[in-house]
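Heads up, the thing below is written out as structure tokens.
The values are calculated or read from the model by the stated rules, or taken from the named source; none is laboratory data. None of these values were measured; they are calculated from a predicted model. Cβ placement follows ideal geometry from the backbone for every residue including glycine, while neighbour counts extend to all protein chains displayed.
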């Protein structure tokens, strides 16, 4: 057994070391091939040739996920470009046309819509009196169709999405401002005269006519716009306690109306006739004490009187019976009091008799 080293491993013999140092056949083959390659490279380097330097990095950035286009974007862009470059302008002969009647009908409808819009913008739908029939006829509603045209305008105004009241007020404001500026430029001589006016705060001021007009516009702008589509309140209202003489002295028209109402009123007797319960109207089992009165009013009255007499007699008998019962109770109480008094006296006598002579002396004393 070969000796071991201090670390516990077996020592190697010199014969094994000599055998390992001798080259093997595979090692010799590798050495021969390596030397042939080295000699080939040295021969190629001796020949004249152009030397190449290190390639410079590209200036274009590398493609990443952020610079990469979306899928299909390039194809869509190419298709759009082809459609734009291949656009062909068509003529009326290619797409066809409309006949003269259709064109005239469309033109007439557009003119009618424009006229309705102008009437709505001018506030014609607010007209409700017969004085505006001439204006309605000129606007296109027709002489006999003024109310129909107004109703149509009101329906358009309700169903529309445009606030024509605001547009009308804005137009009036712009026109008044422009006319005011024009008056300021043209009528400088008129503003030279000083007048007294009241501003928007209620103060009395002195100034030119243009300043007074401007103050009146500011005052009107601060006040809320009245609702023109609602009826105005009556001005002759009666406030407080007032005697209305017309109620006592009606006019001929009011008197005729009152007579007409009086003729149409209910002529039935007031108060209405008495209606009583009819026991024969329904079939049912009655309880104790049921009394079927007669349908004749006189017989019914007699029956009611008899019942009242019987009731009064019953009440008198009941009261008399109560008085008799009360008298008996008083008599019983009196007898009970006397009996109790006699009983107490007897007890006292019995007690004194039991005491003997002392009781006799006490009784005498």
Answer with yes or no whether residue 121 is in contact with a helix residue (DSSP H, G or I) (Cβ under 7 Å, 6 or more places away or on another chain) and either surrounded by 11 or more Cβ atoms within 10 Å (Cβ to Cβ) or modelled with pLDDT under 70 (or both).
yes
Of the residues that make up segment 206-213, is at least one modelled with pLDDT of 75 or more, within 30 Å of residue 120 (Cα to Cα) and touching a helix residue (DSSP H, G or I) at 6+ places or on another chain (Cβ under 7 Å)?
yes
Which listed residue, of 271, 279, 234, is outside the structural domain of residue 172 (by TED's automatic domain parsing), within 30 Å of residue 126 (Cα to Cα) and out of contact with any helix residue (DSSP H, G or I) (no Cβ under 7 Å at 6 or more places or on another chain):
234
Pairing a residue in segment 194-207 that is under 15 Å from residue 222 (Cβ atoms) with any residue that is part of a strand (DSSP E or B), where Cβ atoms lie under 7 Å and the two sit 6 or more apart in sequence or on different chains, gives 198/204; 199/205
